[in-house]
Amino acid sequence: MTEEQKRAQEDNASRRFKAALTSQPGILAIYYVESSNGDRATISVWESKQAMEQGGIKANAAPLRPGQRGEDIPSPSRVEVWEVLDQFVAPAAVRA
């Protein structure tokens, strides 16, 4: 991903997509991560696969903000769905 694509991705996330995604029913957590080599990934945790599918459709339908162009925003190279088999969340990490 080029630096220009990274900037477009960051702008889209901060001005449009994060708010659109976090307003969806069933979203529990979102992690936006970057490796030391610059690869990026987004990990989202949902109550159910159905909530993920419906929430993703609605969030992606959010209109672009002024100055944004869809062709400038990179799409994911792949999407994977994983089932949670077990979990641990430290009590200090849980917010009321």
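With +1 on the Cβ of every Lys and Arg and -1 on the Cβ of every Asp and Glu, and nothing else charged, how large is the dipole of the chain about its Cα centre, in debye rounded to the nearest 20?
Working: 12 positive and 13 negative charges, 82 e Å.
Computed charge dipole of the chain: roughly 400 debye.
Across the chain, how large is the tail of the calculated P(r) beyond 21 Å, expressed as a percent of all Cα pairs? Can you show the working numbers first?
Details: 1847 of 4560 pairs.
Tail of P(r) above 21 Å: 41 percent of Cα pairs.
Quick check: the angle from helix 3-12's long axis to the longest principal axis of the chain, C-alpha only, nearest 10 degrees?
60 degrees
Let me check against my output: what whole-number percent is the relative contact order of segment 3-75, with C-alpha pairs under 8 Å and at least 6 apart? Provide the component values of the computation, followed by the final result.
Values: 71 pairs, mean separation 29.6, N = 73.
Dividing the mean separation by the residue count of segment 3-75 yields 41 percent.
With each label point set 7 Å from Cα along the Cα-Cβ vector, what nm distance links LYS6 and SER35?
Result: 1.5 nm between the two label points.
Nearest 10 degrees, 0 to 90: what angle lies between the long axis of helix 49-60 and the longest principal axis of the chain (Cα atoms)?
On a 0 to 90 degree scale, this one is about 20.
Output ³J(HN,Hα) for segment 19-29: one whole-Hz value per residue in order, computed from phi by the Karplus curve 6.51 cos²θ - 1.76 cosθ + 1.60 with θ = phi - 60°, and x for Gly and Pro.
3J(HN,Hα) across segment 19-29, in whole Hz: 5, 5, 6, 6, 8, 7, x, x, 6, 10, 7.
No value in this document is a laboratory result; all are computed from the given coordinates. From a predicted model like this one, the values you see are computed outputs, not experimental measurements. Cβ coordinates were reconstructed from backbone atoms using ideal geometry, including for glycine residues, and neighbour counts include every protein chain displayed.
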